[in-house]
Amino acid sequence: MSTTPRFTAATQTGAGFGDVTAHVADVMGHFSALYGEYWQSPRTSPMLKEMTRLRNARTTECGF
Amino acid sequence: MSELQPSWLSTPAAGVGVPGLAPPLNLVPDLAQGYEVFLSSLKGVEGVPLRLLELGRVRIALIHDCQPQLDVAHALAPLTPADRAALERIELSAFDAAEQATLAIAEKIPLAHHDITDAEVEALKAPLGERPAMAVIVALSFFDVQCRLSQTLRAPEPSDRES
C-alpha cells in the first residue's frame, strides 16, 4: 500500500482525509451531515458506536 | 431477496423517494434519507460520466454476488447486455481508458483495497482529472457499502426459513 498521498490537498489547512476529499466538498458535506446525524442519534449508545467503529477500523487495517 | 435497492440516481429532494428501500432501513428514515441525498450528489460532480459510476456499481455487485443491486438498472446510465456480459467476464478491453481504470479499482475495493496501487489511481486521474477521480473513488467505496448493507439486512428467503 502506498505511503505517499495520491491526491493533492484541496485546502490550505493540511493534507488529512478531509483536506483531500475536499475536492468533492459538496458531496462530502452531505456525507458529514449524515455522519453527524448518526453520531448524534440517541437510538444507539455512543459507546457502542465507538466500539464498532474501532473494531471495523482494526478489521480493515485503517488508521482511523 | 431483499427489497433494499438504494440508488445513486434517486432524487429524494424532488420527491421521487428511495426506490425499493427495505423495511429495516425505513426504521431510521432520517438516516436513509440523508444517505440518498449524499449518494445522489455524486451525479452532480462535473466530469464524472454516469456510465462510469454504473459500471463500477454493477462490477462491485457482481463481486459480492449482491442480487438486489444487480437487479437495479438505471435509465439515465443504461448498460447494454454486452456491457453486463463483459463485466461478468472481466473483459476490460471492452471499455475505454477511464472505464478500465474505474473497473481496476472497483475490482479491489471490496476485498483487496490495500492492494490498490499508485499506478491504478494515476490511471484514473489521467483521463478524468483529480476532482472527478476523487468522486469516482468515493462512489465505488459506497457501492461496496451498499452491497454489504443490503446483504446484511436481507429478509430471510423461504429456503433460509425452512433450514
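Could you please let me know if B:ALA101 is surrounded by 18 or more Cβ atoms within 10 Å (Cβ to Cβ) and closer than 26 Å to A:HIS30 by Cβ?
Yes.
Kindly indicate the residue of segment B:106-130 that is touching a residue at least 40 places away in the same chain (Cβ under 8 Å) and more than 14 Å from B:PRO49 (Cβ to Cβ) and also surrounded by the fewest Cβ atoms within 10 Å (Cβ to Cβ) among those meeting that condition.
Top of the filtered list is B:LEU111.
Among the candidates B:PRO19, B:PRO23, B:PRO81, B:PRO29, single out the residue that is more than 18 Å from B:SER141 (Cβ to Cβ), surrounded by fewer than 18 Cβ atoms within 10 Å (Cβ to Cβ), more than 13 Å from chain A (Cβ to nearest Cβ) and modelled with pLDDT of 80 or more.
Just one listed residue meets the conditions, B:PRO81.
Of the residues B:VAL138, B:VAL72, which is closer than 28 Å to A:THR3 by Cα and buried (at least 16 other Cβ atoms within 10 Å of the Cβ)?
Values: B:VAL72 fails: closer than 28 Å to A:THR3 by Cα.
Criteria check complete, one pass: B:VAL138.
Rundown of residues vs (1) of a type in the set (Ser, Thr, Tyr); (2) at pLDDT 95 or above, yes/no style:
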| site | (1), (2) |
| --- | --- |
| B:THR102 | yes, yes |
| B:GLU107 | no, yes |
| B:ILE116 | no, yes |
| B:GLU120 | no, yes |
| B:ALA126 | no, yes |
| B:ALA133 | no, yes |
| B:VAL136 | no, yes |
| B:PHE143 | no, no |
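Does segment B:84-102 contain at least one residue that is assigned to a helix (DSSP H, G or I) and within 14 Å of chain A (Cβ to nearest Cβ)?
Yes, that holds for at least one residue.
Testing B:GLU162 on (1) modelled with pLDDT under 95; (2) over 30 Å from B:VAL28 (Cα atoms); (3) away from chain A (no Cβ under 11 Å); (4) surrounded by fewer than 16 Cβ atoms within 10 Å (Cβ to Cβ), one condition comes back false. Which one is that?
(2)
Which helices (runs of 4 or more DSSP H) sit wholly inside chain A and have at least 2 residues that are of a type in the set (Ser, Thr, Tyr)? Steps first, please.
On the way: elements: A:17-21, A:25-40, A:46-59.
In chain A, the matching helices (runs of 4 or more DSSP H) lie at A:25-40, A:46-59.
The values are calculated or read from the model by the stated rules, or taken from the named source; none is laboratory data. Because the structure is a prediction, the values reported are computed rather than measured. Virtual Cβ from ideal backbone geometry, glycine too; neighbours counted across all protein chains shown.
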